[in-house]
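Throughout, read-outs are computed from the coordinates displayed, never taken from laboratory work. Predicted, not measured: the structure shown is a model, and the values here were computed from it. Using ideal geometry, Cβ is built from the backbone for each residue, glycine included, and neighbour counts are taken over all protein chains shown.
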Amino acid sequence: MNPDANIATPLTVQETSTGTVPKPPVARREPVEHVMHGDRRVDHYAWLRHKENPEVIDYLKAENAYTDAVLKPTEPFQEKLYQEMLGRILQTDLSVPYRLRGYLYFTRTEEGKQYAFHCRQRDVEGAPEELLLDLNVLAEGHSFLGLGSFEVSDDNQLLAYSTDTTGFRQYVLQVKDLRSGTTHPERFERVTSVAWASDNRTLFYTVEDETTKRSHRLYRHVLGSTEPDILLYEETDERFRIEVERTRSGAFLLLTIASHTTSEVRYLRADQPSGEFRLIAPREDNHEYYADHHAGLAPNPTDGLFYVRTNSSGRTFRLVAAPVSDPRREFWREVISNRPDVMLSTVEAFQTHLVLFEREGGLPYLRIVDLTADAPNALAASHRIEFSEPAYNASIGENPEFSASHVRFQYESFVTPRSIFDYDVRTRKRILRKQQPVLGGYDATQYVSERLHATASDGTRVPLSIVYRRGTPRDGSAPLLLYGYGSYGISVPVNFSSNRLSLLDRGVIYAVAHVRGGGELGKPWHDAGRMKQKHNTFWDFIASAEHLIAQRYTTPEKLVIEGGSAGGLLMGAVTNMRPELFRMVITHVPFVDVLNTMLDASLPLTVGEYEEWGNPQIAEDYFYMKSYCPYTNLERKNYPAILAKTGLNDSQVMYWEPAKYVAKMRTLKTDVNPLLLKINMGAGHGGASGRYDYLREIAMDYAFLLTQLGIKE
């Protein structure tokens, strides 16, 4: 398809098809001076932090009104895109059920309903469906609904679940009796994780600090008790967060306490809920370890093992086994040694096998280790599940039963819809349980997926994943959307999106730059893009853009970039560094006020993030962060067209960061390109929670993107 066939004149802020739009809002300037390490800074828009100030809300509403006015000519296009994307989705659908203690658990959706129904039925033919949770009912009266925990007791009769109705990721835990359908009177606020003991009446749950949203306390609650819940553990080091979970074996509760660089694990037998958590190994700076329990066929869980994933001998981790009877480090026995080029990301223990999630060469792999095999070592008793596409995403699926003889995994790529497989660990045969339906006659052969590498300024090879519709020209005339993230060691998955077809079918190429700071090549890849190596993330992204232009996938005039959260920081940094390289920027909940946020230890996440960005109380860290902070480094010059999106109830990146960023840029930009801010006044970090509302948001993004590229309906 030739995108030039649909070229029209892009809309500007001043002129639209309906005439002149209102002038953009002007935020008042109220200088607040900061002095740190002898460095004087003035922040004119700090007042936007005060959410309780009616003037702030009025200003945000004015920004929304301005954005709506600019985008009004695209509303028919938005509706067309929405209907197009909706038409590819099977609106009434069922998930693949998973087995747990004699039941099949699944979700289903119904046409016209925003949220899913969570259900189960007995694992016998003809058993009736039991409705456990109707999220549509729970969402009534709220503009947002998020489901957090969902844990069923061992006797299958009680459900502990948590919900968030604001988008602030602040969850309330309740317990539902699945026999009567009634909800217990107990309510637990600010819950972050929950696990049942095996007595079906004792709950362990963690809660977050009211100010910083750091998960820091572990409590024990006995259903029906009127006594105050017992505080079992409190983490006082603000770098650390805690999480409680039940092992797949069912034998133990694990309390994992972790910062970005250090962790420790405590354990308690699930059949002794009144006991005390014991420590596997005390924390040591820069030592991360995580545990799972393997009971095997042992009659007593104390005869089992903890499989421990540890980076004690290398940043890419190794696997050791520790006896439950005494799991101290001196008793650790190596099972799989450290492999510098293979990141051991996750270990899942089953009765007869382990499942390892590995990353190598920028791609994910699943490895099966046969624990019953007579082999000289674990790797000799293992094999990988084979995948053939040049770029893809594979992940471990729902596998709650310890005795399962198969592994459920999920596979997808830019051209292969999400597929659920059951893999027999003995025969090595895989059964496709379901592939995501794509209505409207989707033909995967009409799309091309590629893996390329750009070369950064220091010689590092940066992976690029690309997809486009077959026949899209490779002469530089095609528009291209380049996505990036690059923080926290998180890998950007090469996933399928039926929504993305609305871009590909209009001749837009889609690419992901797997830049340093992410996790695509393991922990060393993360290390190379954090702290005082953060500039590598930005240079990698710029090198990726330049490589795509040099290879004639696109030109700067048709290159759009996109990122969210820490990926929004990436967008802001590269836009400041090389604004002429990009036609347009779409940035979601962008972390663009890095310096001011990291100087405020009272904000959620800040102290724990010192290990990702640095501590600005230290002069060297302060000036390094200042060198790339998008808000701080805005200048008087031309910028690309920008659409910035946020949520009023965001608890990860506060709404005022993009609001301040846009307000300041408006006083400095010397171009006539659109600069738009859209605030979801009833959601948080993840945007709209309802599936139809979410599609509306994507349709708006796409309509603006395509219009700016000059592509008509």
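Per-peptide packing, taken as the mean over residues of other Cβ atoms within 10 Å, places 702-711, 543-552, 249-258 in the sequence 702-711, 249-258, 543-552 from highest down. How many angstrom separate the Cα center of region 307-373 from the Cα center of region 465-529? Cα centroid to Cα centroid, the span is 30 Å. For K51, the aspartates and glutamates whose Cα falls under 13 Å of its own Cα, not counting residues fewer than eight places away in the same chain, are D650, E657. For K23, the aspartates and glutamates whose Cα falls under 19 Å of its own Cα, not counting residues fewer than eight places away in the same chain, are E15, E55, D58, E63, D68, D671.
The residues neighbouring V467, those whose beta-carbon lies less than 13 Å from its own, together hold a net charge of 0 under the Lys/Arg +1, Asp/Glu -1 convention. Kirkwood radius for region 174-255, taken over all pairs of different Cα atoms as the inverse mean of 1/r, rounds to 13.7 Å.
Annotation: peptides 470-479, 166-175, ranked by per-residue average of other Cβ atoms within 10 Å with the highest first, follow the order 166-175, 470-479. With the Cα gyration tensor of region 192-330 giving a ≥ b ≥ c as the square roots of its eigenvalues, does the rule (a/c under 1.5 for rounded; else a/b larger than b/c for prolate; else oblate) give rounded, prolate or oblate? Since a/c reaches 1.5 but b/c is at least a/b, the shape of region 192-330 is classed as oblate. Near Y66, once Lys and Arg are set to +1 and Asp and Glu to -1 for all other residues with Cβ below 12 Å from its Cβ, the sum equals +3.
For region 102-238, the Cβ-based charge dipole about the Cα centre amounts to some 180 debye (Lys, Arg positive; Asp, Glu negative; other atoms uncharged).
When the pairs K213/K626; K523/K678; K534/K669 are compared against a 29 Å limit on Cα-Cα distance, K523/K678 fall above it.
Computed on the Cα trace of region 88-207, the radius of gyration divided by the Kirkwood hydrodynamic radius gives Rg/Rh = 0.97.
Rounded to the nearest 20, the Cβ-based charge dipole of the chain about its Cα centre (Lys and Arg +1, Asp and Glu -1) stands at 1420 debye.
Taking the charge dipole of the chain about its Cα centre, with +1 at Lys and Arg Cβ atoms and -1 at Asp and Glu Cβ atoms, the residue from G102, S602, I542 reaching farthest to the positive side is I542. Between region 166-213 and region 76-135, the C-alpha centres lie 24 angstrom from each other.
Volume per residue of the convex hull around the Cα atoms, evaluated for the chain, comes out as 167 Å³.
Check each of the GluC sites (Glu not before Pro) in region 201-274 and keep only those in coil by DSSP with at most 12 other C-beta atoms within 10 angstrom; list them in order. When the GluC sites (Glu not before Pro) of region 201-274 are filtered for loop state and at most 12 Cβ neighbours within 10 Å, E210 remain. Helical runs (DSSP H, four residues minimum) scored at -39500 (n - 2.57) apiece and divided by the length of the chain put the mean residue ellipticity at 222 nm at -5000 deg cm²/dmol.
If you take all other residues with their beta carbon under 9 Å from the beta carbon of I679, and give Lys and Arg +1 and Asp and Glu -1, the sum is +2.
For the chain, the antiparallel share of DSSP beta bridges with both residues in that region comes to about 85%. With the cut-off at 1.5 for a/c, could you classify region 338-497 from its C-alpha gyration tensor as rounded, prolate or oblate? Since a/c reaches 1.5 but b/c is at least a/b, the shape of region 338-497 is classed as oblate.
Distance distribution P(r), region 486-550, all Cα-Cα pairs, bin width 10 angstrom from 0: 22, 39, 29, 9, 0 percent.
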